[in-house]
Amino acid sequence: MSAPGPHPPLDDQVERTQLSWRRTALSYVAVALLVAHLSADGDAVTLLVVLATMAVVLGFVWLSPAKLVALDGVAMVAGVAVLCVVALAGMR
Amino acid sequence: MGSDLCQSEVVDDQGAGRPAWPGWVYGGGQDPDVRFSLANERTFLAWVRTSMALLAGGVALDAVDLDGPRGLQTLLAVVLVLLGLGGAGIAWARWALTQRAMRRREPLPGTRALAVFALVLILVAAGLVVLVL
């Protein structure tokens with residue numbers, strides 16, 4: 001095993017970044033389910049919107065074979081924005 | 001993908017398969033070391049996760065019943081959700097500006113947004129203390 005150089009190995013960097021994307025995607029799923037549970041309040045349309053948004057974000061972020069950073073980022077931010085709107089609309 | 005990237009010491013964005021979109025980010029300058037691009041990407045994702053945590057906090061705060069005034073509780077919940085919304089947008093803008101600056105060998109953009117975030121969060125925390133006590 002060679003001693004670490006001045007920069008961390010690139011393989012590690014790529015893997016860390018991939019894991020970071022997946023961690024963020026999983027966090028998104030958790031937050032989306034929380035928003036759906038607490039804010040949708042049985043409204044089928046809102047629930048459908050949240051689930052559809054979640055599917056789109058996961059499709060972009062997790063399943064895209066070539067990572068398009070800017071586009072995936074926009075998809076993620078748009079997904080968060082949808083959740084924020086649903087949350088604001090569902091506030092008591 | 002990773003093993004291919006390790007063939008050379010410095011691999012640019014194009015070598016990592018990054019598309020040249022948006023044009024105002026990738027339009028000028030030279031590709032930076034891919035490590036810096038990846039670090040910028042991870043910072044963006046950390047901001048997004050922070051935004052989602054704020055959103056979740058706002059939704060959860062609205063859902064619980066506290067003894068304090070209901071109006072203040074709703075206000076704090078709305079502020080948290082709006083912070084989450086703003087944070088996600090700022091995250092992308094910050095990623096793009098940083099990537100652009102790295103390509104052009106310019107100074108990186110500042111972290112003014114972080115200071116504003118911290119200030120608003122301090123105010124929200126103070127409001128929460130009022131709510132709980």
How large is the helix-only mean residue ellipticity at 222 nm for chain B, computed as the sum of -39500 (n - 2.57) over DSSP H runs with n ≥ 4, divided by its residue count, in deg cm²/dmol to the nearest 500?
-24000 deg cm²/dmol
Just to make sure I understand: if all protein chains stay in place, what is the order of A:Leu68, B:Leu45 by accessible area at 1.4 Å, largest first?
A:Leu68, B:Leu45
Over chain A, the sum of -39500 (n - 2.57) across DSSP H runs of at least four, divided by residue number and rounded to 500 deg cm²/dmol, gives at 222 nm -24500 deg cm²/dmol
Tell me, which longest segment in chain B has none of the trypsin sites (Lys or Arg not before Pro) that fall in DSSP loops with at most 15 further Cβ atoms within 10 Å?
B:1-103
Quick check for me: using +1 on Lys/Arg Cβ and -1 on Asp/Glu Cβ, what's the dipole size of the protein assembly as shown about its Cα centre, in debye to the nearest 20?
380
So how much slack lies between B:Arg105 and B:Trp24, counting 0.36 nm per residue of separation and subtracting their Cα-Cα distance, in nm?
27.7 nm
Measuring from the longest principal axis of the C-alpha atoms of chain A, the long axis of helix A:69-89 (C-alpha) lies at a number of degrees, nearest 10, equal to 30
Please report the relative contact order for chain B, taking Cα pairs under 8 Å with a sequence separation of at least 6, and give it as a percent rounded to a whole number.
28
In debye to the nearest 20, the charge dipole size for chain B, taken about the Cα centre with +1 at each Lys and Arg Cβ and -1 at each Asp and Glu Cβ, equals 320
If I model a spin label at B:Val130 and A:Ser27 as a point 7 Å from the Cα along the Cα→Cβ vector, what separation in nanometres do I get?
2.9
Return the carbon/sulfur percentage of the accessible area of the protein assembly as shown, one whole number, probe 1.4 Å, all protein chains in place.
68
Which of B:Val25, A:Leu83, A:Ser27, positive extreme of dipole for the protein assembly as shown (C-beta unit charges):
B:Val25
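The values are calculated or read from the model by the stated rules, or taken from the named source; none is laboratory data. These numbers were taken from a predicted model, which means no experiment stands behind them. Note that we place each Cβ from the backbone using ideal geometry, even for glycine, and neighbour counts take in every protein chain shown. These area figures cover heavy atoms from the full protein model, side chains too; ligands, DNA and RNA do not enter into them. Shrake-Rupley method; radii C 1.70, N 1.55, O 1.52, S 1.80 Å.
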